[in-house]
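Below is one structure; the comments refer to it alone.
The values are calculated or read from the model by the stated rules, or taken from the named source; none is laboratory data. Model, not experiment: these values are computed from the prediction. Cβ sites come from the backbone with ideal geometry, for glycine too, and all protein chains shown count toward neighbours. Areas reflect the complete protein model, heavy atoms only, side chains present, ligands, DNA and RNA absent. Shrake-Rupley method; radii C 1.70, N 1.55, O 1.52, S 1.80 Å.
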Amino acid sequence: MHYFGFKNGQLYCENVKVATIAKTTGTPVYIYSKRTIVEHFRKIDEAFAGVDHLVCYALKANPALAIIKTLQKEGCGADIVSGGELYKALRAGIAPEKIVYAGVGKTRAEIETAIKSRIFMFNIESIPEAERISAVAKKLGKTVEVALRINPDVDPDTHHYITTGKKENKFGLNISKAKEYFLAAARLPNIKVCGIHTHIGSQITKVEPYVLTLKKIIALKAILEKSGLRITRLNIGGGLGIIYDNETPSTPANFASKVLPLLKPLGVKVILEPGRFIVGNAGIMAAEVQYIKKGEVKNYVILDAGMNDLIRPSLYDAYHDIVAVKKTSGKLKADIVGPICESGDFFGKNRVIDKVKEGDFVAVMSAGAYGFSMASNYNCRRKPAEVLVDGSKFKIVRKRETYQDLLNGESF
Ligand SMILES: *Cc1c(COP(=O)(O)O)cnc(C)c1O
């Protein structure tokens with residue numbers, strides 16, 4: 001469910017015409033629906049109402065301050081993977097006791113800042129990391145609560161670039177040696193091992209991989225408790241899939257109906273880390289058609305947005321629906337591409353869309369997650385503007401970069 005749709009042939013975000021925003025801010029521009037973000041968060045939060053739980057939004061999906069703030073007001077926490085994300089989460093007002101910190105490469109400085117900020121817990125991905133967190137905590141005279149991230153060797157049936165819970169992935173600790181790892185970590189000073197963390201991948205549309213994972217970590221919990229380790233928190237990660245094309249992802253309610261019966265009897269605190277599910281369909285990228293180019297074998301619709309603005313099609317061969325912002329009569333078949341000097345700079349191939357011409361706006365749909373957050377300055381292009389729509393109002397929540405911005409920090 002989301003609040004983008006056509007009324008009288010015009011694409012709207014909530015009650016605002018996308019064309020009005022594009023004209024006001026220029027293009028390319030990311031446009032987010034506040035109502036969609038809030039409703040998606042609530043769907044997950046309400047689905048887990050039956051257990052003690054904390055929803056931690058995975059900032060990396062879209063770290064716009066305005067989005068973090070919107071979620072913070074709803075009581076949402078944050079799942080972070082860097083010092084920069086910690087900084088933004090805190091600046092948006094997320095309570096430290098709602099912040100969980102994952103990632104395979106945490107530096108000493110990042111760990112120190114996170115401990116001083118009194119975050120809720122670390123999700124540890126290796127024994128050397130456990131040793132480092134222990135040492136930093138000891139130096140600061142603090143004890144920190146941690147979970148170990150377990151790699152359950154489950155195939156989440158998604159794109160291989162976004163699979164994270166198979167044994168060949170770099171994430172987490174192998175489940176077959178998990179007991180050893182937990183006991184080793186538990187012996188370290190100044191850390192309290194109280195949780196098991198898993199995150200098996202992204203854009204997962206089925207519940208079965210989660211159920212399989214959960215069964216494995218519940219069995220592990222029982223083994224650990226026999227060895228005297230009390231596990232009071234289970235973090236089942238993020239990864240819930242969304243509709244880009246014709247996927248049929250599980251709903252949060254259905255997801256919860258399958259995993260809650262396993263979780264409830266345990267009496268643990270359940271942590272969830274959704275990213276894409278909350279923001280993916282809450283955002284689009286609008287761009288202006290620059291040229292219609294007739295090639296030897298294909299036509300090209302060339303936009304003023306490029307792979308630097310939205311890299312998912314180039315990086316993952318991801319599908320995004322592309323529509324003319326104002327319906328026209330007639331259709332055209334073309335590759336929808338950007339201006340960047342790379343053949344991989346495309347948004348869609350062999351698409352049939354409404355017949356657009358120079359100066360028309362098009363929207364790349366479902367671009368709220370891993371869109372702006374992966375944007376770069378490649379080809380010395382300025383990062384696009386971002387707009388948050390709330391009912392009939394809209395606000396620029398991030399200005400388009402200026403050429404001056406491109407010189408920031410540089411000298412010769
Ligand atoms: C990326 C990530 C998430 C969020 O994944 P989505 O597919 O966007 O829900 C959650 N937890 C961890 C540890 C991650 O790295």
key: Amide H partners (placed H, <5 Å) of Asn190, local residues excluded   = none
message = Before I look further, what does region 34-276 give for accessible area per residue, probe 1.4 Å, in whole square angstrom?
response = 41
ask   = Which residues' amide hydrogens lie under 5 Å from the amide hydrogen of Arg398, considering only partners 5 or more residues apart or on another chain, with H built in the peptide plane?
value = Glu386
note = About its Cα centre, region 310-412 carries a charge dipole, from +1 on Lys and Arg Cβ atoms and -1 on Asp and Glu Cβ atoms, whose size in debye to the nearest 20 is 420
key: Mean Cα-pair separation over length for region 34-276, i.e. relative contact order, pairs under 8 Å, 6 or more apart, %   = 21
ask   = Quick one: with all protein chains in place, what share of the accessible area of the chain is carbon or sulfur, to the nearest percent (1.4 Å probe)?
value = 51
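Rounded to the nearest 20 Debye, what is the dipole magnitude of region 205-341 about its Cα centre when Lys and Arg each give +1 and Asp and Glu each give -1 at the C-beta? Working shown, then result.
Numbers: 19 positive and 12 negative charges, 137 e Å.
For region 205-341, the charge dipole is close to 660 debye.
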Whole-Hz ³J(HN,Hα) from phi, Karplus 6.51 cos²θ - 1.76 cosθ + 1.60, for region 397-411, glycine and proline x = 9, 8, 6, 4, 5, 9, 4, 4, 4, 5, 9, 3, x, 8, 8
key: Distance histogram in 5 Å bins (all Cα pairs of region 229-272, percent per bin)   = 5, 18, 24, 21, 14, 9, 5, 3, 1
query = Tell me, which longest segment in the chain has none of the GluC sites (Glu not before Pro) that fall in DSSP loops with at most 12 further Cβ atoms within 10 Å?
reply = 1-167
key: Cleavage-rule hits, trypsin sites (Lys or Arg not before Pro), region 96-141, DSSP coil, Cβ neighbours within 10 Å at most 14   = Arg118
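Remind me, relative contact order of region 23-143 in percent, using alpha carbon pairs under 8 angstrom and six or more residues apart?
Here the relative contact order equals 19 percent.
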Calculated Rg and Dmax of region 260-412 using C-alpha coordinates, Å = 18.9, 65
inquiry  = At 7 Å along Cα-to-Cβ for each site, give me the label-to-label distance between Thr24 and Lys357 in nm.
reply    = 2.8
query = Which pairs break 18 Å Cα to Cα here: Lys73/Lys106; Lys34/Lys98; Lys116/Lys138; Lys60/Lys269; Lys216/Lys264?
reply = Lys73/Lys106; Lys34/Lys98; Lys60/Lys269
